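Before any comments, here is the structure.
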Amino acid sequence: MDATGAIVTLIFVITIISASTGGKVGVPGFGGGESKVPITASLNVQEIPDGNYYAIESDNSETKIEKFILKYNKNLSYWDASMMSSSMVRYGEMYNVNPKLVCALMARESAFNARSVSSSGAMGLGQLLPATAQALKVNNAFDPDENIRGTTRYVRFLLDKWKMQPQQVPLALASYAEGHNAISKNGGYSSKTKGYVEDIIRIYWKI
């Protein structure tokens with residue numbers, strides 16, 4: 001069999017396998033089919049933060065968050081940082097979500113730029129997609145207080161989705177990037193998302 005025939009045969013075999021697996025097949029050199037980081041995988045970080053507000057409610061988190069925001073985004077005013085930190089703590093208490101975790105996520109998502117818009121149309125501090133913002137009853141995703149409320153509520157939802165898993169917080173953060181249904185279906189998340197989660201956790205420990 002010559003080279004052309006071999007390539008045609010290989011493409012035919014790939015087509016058959018792909019059809020039998022719903023189109024999800026990875027062949028070296030042909031792209032796609034990236035192996036997933038398993039749901040139970042450990043991360044390359046010193047420690048996993050707790051997702052719950054009660055775990056940090058006595059450590060003066062509002063002042064720490066405010067100082068961190070001002071240091072992370074030097075274009076923000078003291079008033080902006082104070083308002084953001086106050087909202088993070090208030091909604092953290094309301095939804096029982098660690099406000100420093102929300103702060104770290106927003107640092108990674110938008111660097112605290114309330115007017116930020118991604119190429120996919122995600123908006124504001126927590127980079128909420130329009131459909132997600134609507135589901136969370138966020139009428140103006142560019143309003144920092146509304147965005148923080150919606151983002152915190154969404155993180156609570158994702159934490160609840162993974163509450164039976166030892167890797168609850170990493171899986172909630174990975175779901176923020178990929179969607180919890182996709183991670184459940186695939187049994188894990190991409191290596192890119194693993195880096196995203198590790199970034200957020202490293203930022204958390206700097207607050």
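Please treat every number below as a calculation from the coordinates, not as lab data. These figures come from a predicted structure and were not determined experimentally. Methodologically, a virtual Cβ is constructed for each residue, glycine included, from the backbone with ideal geometry; neighbour enumeration extends over all protein chains shown.
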Seminar exercise, completed: The answer for trypsin sites (Lys or Arg not before Pro) in region 99-207 that fall in a DSSP coil and have at most 16 neighbouring Cβ atoms within 10 Å is 115, 137, 163, 206
Problem set entry | Histogram of C-alpha separations across region 38-204, 5 Å bin width, % | 1, 10, 19, 23, 22, 16, 7, 2, 0
For this session: Name the long-range amide H neighbours of residue 128: under 5 Å, sequence gap of 5 or more, or other chain; modelled H, no Pro or chain starts.
Result: 123
Exercise. So, in region 38-204, how many Lys pairs have Cα atoms under 24 Å apart, if the pair is 8 or more places apart or on different chains?
Worked result: 19
Exercise. Along the three principal axes, how long is region 107-207 when you take its alpha carbons, biggest first, rounded to the nearest angstrom?
Worked result: 34, 30, 23
Seminar exercise, completed: Other residues with Cβ under 14 Å from the Cβ of residue 68 give, with Lys and Arg +1 and Asp and Glu -1, a net charge of +4
Problem set entry | Residues whose placed amide H lies under 5 Å from that of residue 189, excluding near-sequence neighbours | 37
Seminar exercise, completed: Expected vector for region 178-191, Karplus 3J(HN,Hα) from phi with 6.51, -1.76, 1.60 and θ = phi - 60°, integer Hz, x for Gly and Pro, equals 10, x, 5, 5, 5, 5, 4, 5, 8, x, x, 9, 6, 5
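First select every other residue whose beta carbon is under 11 angstrom from the beta carbon of residue 172; then total the charges, Lys and Arg +1, Asp and Glu -1.
On the way: positive: 156, 161, 163; negative: 160.
Once all neighbours under 11 Å are counted, the net charge is +2.
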For this session: Would you mind ranking 196, 154, 78 by Cβ crowding within 10 Å, fewest neighbours first?
Result: 78, 196, 154
